[in-house]
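Trainee: Got a structure for you, questions after.
The values are calculated or read from the model by the stated rules, or taken from the named source; none is laboratory data. Treat the numbers as computed from the prediction; the structure is a model and nothing was measured. Here Cβ is always computed from backbone atoms with ideal geometry, including for glycine, and neighbour counts include all displayed protein chains.
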Amino acid sequence: MEAGRRPERARGEQEEPGLEIRPLRHADLRSVLSLERSIYPAPWRTEHFAQVIDLPGGMGWVAAALTGEVLGYAVGWVAADEAELANIAVAIGWRRRGVGRRLVETIRQAASQLGARRLYLEVRASNGAAQSFYAGLGFEVVGRRPDYYSRPREDALVMAVDLVGNGT
């Protein structure tokens with residue numbers, strides 16, 4: 001992607017005006033945890049999110065409505081020159097409105113600014129929609145982790161995108 005150029009939205013995806021992407025704060029943890037529990041069968045605990053906030057190289061972002069309601073979040077970290085997008089979620093009623101895309105773009109930019117050259121993530125092998133979403137953002141499958149997920153037990157595909165030389 002060229003520097004300064006916004007990626008095209010996926011078909012059917014709308015850009016949501018009045019949406020704020022801001023750093024994750026300890027005050028957001030209750031809302032983030034509520035969203036996490038509503039989406040994932042094996043949710044993170046509060047201390048996992050809190051550790052990311054306090055971690056050197058930690059990256060945490062929330063998508064919030066003008067009312068302050070947390071509509072989505074993305075968290076990860078940078079170690080040496082690699083970054084991990086560890087957890088991302090968007091409230092069901094807010095999907096396909098550009099929220100996830102903006103969160104991933106923000107994590108990419110933050111990771112690059114922290115010195116990462118590549119961003120990794122894991123996605124369920126059965127989650128074709130998420131794989132397509134990430135592929136549309138430039139991620140490619142680079143590996144597989146057998147039995148990575150529980151509830152239900154399932155392999156993860158490892159996806160990655162280079163952060164150097166692609167406009168981030």
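Trainee: How many of the residues in segment 107-163 are out of contact with any Pro (no Cβ under 8 Å at 6 or more places or on another chain) and part of a strand (DSSP E or B)?
Mentor: Here the count works out to 25.
Trainee: Within segment 80-106, count every residue that is modelled with pLDDT under 95 and in a strand (DSSP E or B).
Mentor: 0
Trainee: Right, here's the next one. Given the residues 70, 75, 142, which is the only one that is of a type in the set (A, V, I, L, M) and farther than 23 Å from residue 163 by Cα?
Mentor: After ruling out the rest, the residue left standing is 70.
Trainee: For segment 22-64, give me the residue count where each residue is more than 24 Å from residue 109 (Cα to Cα) and in contact with a His (Cβ under 8 Å, 6 or more places away or on another chain).
Mentor: 0
Trainee: A further question follows. Would you point out which residue out of 112, 126 is at pLDDT 95 or above, surrounded by 15 or more Cβ atoms within 10 Å (Cβ to Cβ) and of a type in the set (Ser, Thr, Tyr)?
Mentor: On the way: 126 fails: surrounded by 15 or more Cβ atoms within 10 Å (Cβ to Cβ).
Going through 112, 126 in turn, just one is at pLDDT 95 or above, surrounded by 15 or more Cβ atoms within 10 Å (Cβ to Cβ) and of a type in the set (Ser, Thr, Tyr): 112.
Trainee: Return the residues of segment 29-67 that are of a type outside the set (A, V, I, L, M), touching a residue at least 40 places away in the same chain (Cβ under 8 Å) and more than 21 Å from residue 124 (Cβ to Cβ); say none if nothing qualifies.
Mentor: Result: 57, 61.
Trainee: Looking at the structure I just gave you, is residue 63 surrounded by fewer than 22 Cβ atoms within 10 Å (Cβ to Cβ) and assigned to a strand (DSSP E or B)? Let's see the steps before the verdict.
Mentor: On the way: surrounded by fewer than 22 Cβ atoms within 10 Å (Cβ to Cβ): no; assigned to a strand (DSSP E or B): yes.
No: the conditions fail for residue 63.
Trainee: Of everything in segment 95-109, what is in contact (Cβ under 8 Å) with a residue 40 or more places away in the chain and either in contact with a strand residue (DSSP E or B) (Cβ under 8 Å, 6 or more places away or on another chain) or basic (Lys, Arg) (or both)? Give them in sequence order.
Mentor: Keep residues of segment 95-109 that are in contact (Cβ under 8 Å) with a residue 40 or more places away in the chain, which gives 96-99, 101-103, 105-109.
If the condition is that a residue be in contact (Cβ under 8 Å) with a residue 40 or more places away in the chain and either in contact with a strand residue (DSSP E or B) (Cβ under 8 Å, 6 or more places away or on another chain) or basic (Lys, Arg) (or both), then 96, 97, 99, 101, 102, 103, 106, 107, 108 are the ones that fit.
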